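Below is one structure, written out as structure tokens, with a few remarks after it.
The values are calculated or read from the model by the stated rules, or taken from the named source; none is laboratory data. Keep in mind it's a predicted model, so treat the numbers as computed, not measured. Cβ placement follows ideal geometry from the backbone for every residue including glycine, while neighbour counts extend to all protein chains displayed.
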Amino acid sequence: MKRIAIILFSTLIALGLIYFFLSLFFPSKHKRQEGEIPTPTKIEERTRIPQSDKIIISGVKTNNFLKSPIQTNSEGDVLFIKEGDFQIAYLTRFSQFIINISTSSSQTRLNAEMAFITKLGVKREEACQLEVKVTSPYVPNPYLAPPRKTLSFCENY
């Protein structure tokens, strides 16, 4: 076992030395001229915001909350509700909603869930078809603490 480790280590060192010497004798073909300013890579727009009043997410027709975001990031994620004790965001890449509750009040969770279905303009049954994660501080409260990590009124969680 010790012999195998020594052989692997020696092989890695040898490969490293070969790479080093090759890079000394065969430098990169593209050399930047003095004073040349590199051209930045074009970043494509990741998400186009639909302008219609309704959008479809995971097969559920919702109000277009993307048109009036509170905050967005470069990945196209959207914070669309921000109240005192909770905020709700949509992760575009994953088609997932995150409800972040910052207090241990069960009423806050109910308020957040109500704001969510109201803003989306969906029924509870439709909201249960969406990918929703509810996060809250860890507390010894069975109503808020894990493993209930989705909407409280959904049967399958």
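Quick check on my filter: what residues within region 69-88 are of a type in the set (S, T, N, Q), part of a loop (DSSP other than H, G, I, E, B) and closer than 22 Å to I101 by Cβ?
Our first condition is that a residue be of a type in the set (S, T, N, Q); within region 69-88, this holds for 71-74, 87.
Within this subset, residues satisfying the condition of being part of a loop (DSSP other than H, G, I, E, B) are 73-74.
The one that is of a type in the set (S, T, N, Q), part of a loop (DSSP other than H, G, I, E, B) and closer than 22 Å to I101 by Cβ: N73.
Taking region 59-69 on its own, how many of its residues are modelled with pLDDT of 90 or more and either within 16 Å of the chain's Cα centre (by Cα) or β-branched (V, I, T) (or both)?
2
Could you tell me which numbered condition N100 fails, if it satisfies all but one of (1) within 15 Å of T135 (Cβ to Cβ); (2) of a type outside the set (D, E); (3) part of a loop (DSSP other than H, G, I, E, B)?
Tallying (1) within 15 Å of T135 (Cβ to Cβ); (2) of a type outside the set (D, E); (3) part of a loop (DSSP other than H, G, I, E, B), N100 fails exactly one: (3).
Scan region 91-129 residue by residue and report those that are closer than 14 Å to I57 by Cα and polar (S, T, N, Q).
T92, S95, Q96, Q129 - these are the residues of region 91-129 that are closer than 14 Å to I57 by Cα and polar (S, T, N, Q).
Report, by residue number, each residue of region 71-98 that is modelled with pLDDT of 90 or more, among the β-branched types (V, I, T) and in contact with a Leu (Cβ under 9 Å, 6 or more places away or on another chain).
V78, I88, I98
For the subset of region 79-102 comprising residues that are over 10 Å from the mean Cα position of the chain (by Cα) and among the aliphatic types (A, V, I, L, M), which member is surrounded by the fewest Cβ atoms within 10 Å (Cβ to Cβ)?
So the first thing to find is which residues in region 79-102 are over 10 Å from the mean Cα position of the chain (by Cα), and the list is 79-88, 99-102.
When the remaining residues are screened for being among the aliphatic types (A, V, I, L, M), the result is 79, 81, 88, 99, 101.
Working: L79: 16, I81: 18, I88: 25, I99: 22, I101: 22.
The qualifying residue surrounded by the fewest Cβ atoms within 10 Å (Cβ to Cβ) is L79.
Restricting attention to region 103-134, and to residues there that are part of a helix (DSSP H, G or I) and charged (D, E, K, R), which single residue is nearest to N64 (Cα to Cα)? Before you say what the answer is, go through the steps one by one.
So the first thing to find is which residues in region 103-134 are part of a helix (DSSP H, G or I), and the list is 106-120, 124-127.
Cutting the leftovers down to charged (D, E, K, R) gives us 109, 113, 119, 124-126.
Working: R109: 23, E113: 17, K119: 9, R124: 17, E125: 19, E126: 15 Å.
Looking at residues that are part of a helix (DSSP H, G or I) and charged (D, E, K, R), I get K119.
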